[in-house]
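Have a look at the structure below, then the notes.
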């Protein structure tokens, strides 16, 4: 539309609220390397899907702030260092700069 050579490719996403659980998904988690951040037995965590180092999808449970960042990481086709994503102390927003 603005003269770019990349075609527009919308990123799929969905969400649902089930009682006290909010689940959000962006992109794909099919055939990816998964990184889990947080405690899956707890009430708040996220899963990040990587393919060849690129963030191609994610899912969050009760973590809307992480989802906001994941949407941007997927849309921008970011490739942050895996070690950063695996580090629970790493602020996902910082991955947008990589």
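Values in this text are rule-based calculations from the coordinates and carry no lab data. Note that this is a predicted model, so its numbers are computed, not measured. Here the Cβ positions follow ideal geometry from the backbone for every residue, glycine too, while neighbour counts run over all protein chains shown.
Structural remarks
- The chain, relative contact order in percent, only Cα pairs under 8 angstrom and at least six apart counted: 22
- Degrees between helix 64-75 axis and first principal axis of the chain (Cα, 0 to 90, nearest 10): 30
- A Förster distance of 41 Å, applied to the separation of the beta-carbon atoms of residue 8 and residue 41, puts the FRET efficiency at 0.55.
- Which label in (1) 2, 14, 24, 25, 17, 10, 5, 2, 1, 0; (2) 3, 11, 19, 21, 24, 15, 5, 2, 0; (3) 2, 8, 9, 8, 9, 12, 13, 11, 12, 10, 4, 1 gives the computed P(r) over Cα pairs in 5 Å bins from 0, in percent: (1)
- Ordering of 24-33, 7-16 by packing [mean C-beta count within 10 Å, highest first]: 24-33, 7-16
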